[in-house]
Amino acid sequence: MKIEMSHGAGGKVMGELISEVILKNISKKSVNGGIGLNALDDGATIPLGDNEIVITTDGHTINPLFFPGGNIGRIAAAGAINDVSVMGAKPLAITNGMIIKEGFDIDDLDKIIKSMNETCEEVDVGVIAGDTKVMEQDKLDGLVMVTTCLGILQRGKAIKDSSLKVGDKIIVSGSVGDHGMSLMAFREGFNFETDLKSDVAPIWSIISRSLDIGGVTAMKDPTRGGLANTINEMAKKSGVGVMLQDDLIPVREEVRTISDMLGIDPYEVANEGKVVMGVKSENAYEILKAIKKDNYGHDAEIIGEVVKGSKVLIETQVGGTRILEAPIADPVPRVC
Ligand code: MG
């Protein structure tokens, strides 16, 4: 068997590769009793004294490198920062490894690094180590960046993606599908008809506001495979069902139009500046209000609740109910 594009596109196919080739060949998967590789959460933790270090790593192969709303530098920073943030940890620093194609424009690289830096500045994150390698013209497509983010939290306070409880409300911090659909529109060449941009952004401030209120039970960022993949993963790992309300899930008009044109479900494509949260019912409205005050959270909504069962269901506008399945793979390749 050979690697196919779907093996790197989130969803079921990638999940099988991870468990059958990666997990089974690694012997020590966690350290000091922290959250380890087996959890397949957004980040891992290492308990040390009164604290817990959170670490995550993220490779970036996005095509094209510059897209409406950002570039690979911004996504490389935000992607790793957000994976640490959704563990409930304050992100502290990233490292940045780059593999660059021979002949790559140095002015472009300058823009990419500036953008990575600006993204880190937004949440006071340092760029403290890196590596730079170059490959021959015909061996690589432009630029690959690999970022690792470190964060810290109080021991035992990590928030997993597997701890939803029946009765929790589900919050999404803004409109879904913006990143995947804007990238698709840009690649297909009809972005001139829309001003749709990627939502790529660091979301630590949204999470920090929510944690200050309390009652956050589970979190995950809906990247590859979108909301559909994320909420299914959270429900499955938590051993619960979820009931979502279709008319409460925020989707931009332009995203709907493009998704209708391309026949791609906006719930199945990547977001790069959003979080899906389970929160205790009694804290839900206060958390929602706090998120809406954030620059990146104006369109946040409570979109459903956790129920008994094992499926993610969506109640549609006409009153029917359908199952929202996890996609086999993100329908838009090389999206982050
Ligand atoms: Mg994640």
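The values are calculated or read from the model by the stated rules, or taken from the named source; none is laboratory data. Being a predicted model, the structure only gives us computed values, none of them experimental. When we count neighbours, we look across all protein chains shown, and the Cβ atoms used for this are built from the backbone with ideal geometry, even at glycine. SASA here: full protein model, heavy atoms, side chains in, ligands and nucleic acids out. Shrake-Rupley method; radii C 1.70, N 1.55, O 1.52, S 1.80 Å.
Below are the figures for this structure:
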read-out: Criterion (exposed (fewer than 14 other Cβ atoms within 10 Å of the Cβ) and more than 17 Å from the chain's Cα centre (by Cα)) met by exactly one of Lys169, Lys101, Lys114; value: Lys114
read-out: Helices (runs of 4 or more DSSP H) enclosed by segment 188-271 - at least 2 residues per element that are at pLDDT below 95; value: 253-262
read-out: All positions within segment 16-35 that are away from the ligand (no atom under 16 Å from the Cβ) and in a loop (DSSP other than H, G, I, E, B); value: Ile26, Ser27, Lys28, Lys29, Ser30, Val31, Asn32, Gly33, Gly34
read-out: Verdict on Ile112 being β-branched (Val, Ile, Thr), part of a strand (DSSP E or B) and either at negative phi or away from the ligand (no atom under 14 Å from the Cβ) (or both); value: no
read-out: Exclusive hit being in contact (Cβ under 8 Å) with a residue 24 or more places away in the chain and within 16 Å of the ligand (Cβ to nearest atom), set Thr194, Thr230; value: Thr230
read-out: Wholly within segment 274-336, strands (runs of 3 or more DSSP E) carrying at least 3 residues that are among the aliphatic types (A, V, I, L, M) and open to solvent by less than 70 Å² (accessible area, probe 1.4 Å); value: 276-279, 301-307, 312-315
read-out: Residue check for Glu52: open to solvent by 60 Å² or more (accessible area, probe 1.4 Å) and among the charged types (D, E, K, R); value: no
read-out: Per-region count, segment 294-328, residues over 19 Å from Ala235 (Cβ atoms) and touching a Lys or Arg at 6+ places or on another chain (Cβ under 7 Å); value: 3
read-out: Identity of the residue in segment 62-74, more than 16 Å from the ligand (Cβ to nearest atom) and outside any strand (DSSP E or B), that ends up most open to solvent (accessible area, probe 1.4 Å); value: Asn63
read-out: Pick from segment 235-264, criterion basic (Lys, Arg) and in contact with a Ser or Thr (Cβ under 6 Å, 6 or more places away or on another chain), ranking: surrounded by the fewest Cβ atoms within 10 Å (Cβ to Cβ); value: Lys237
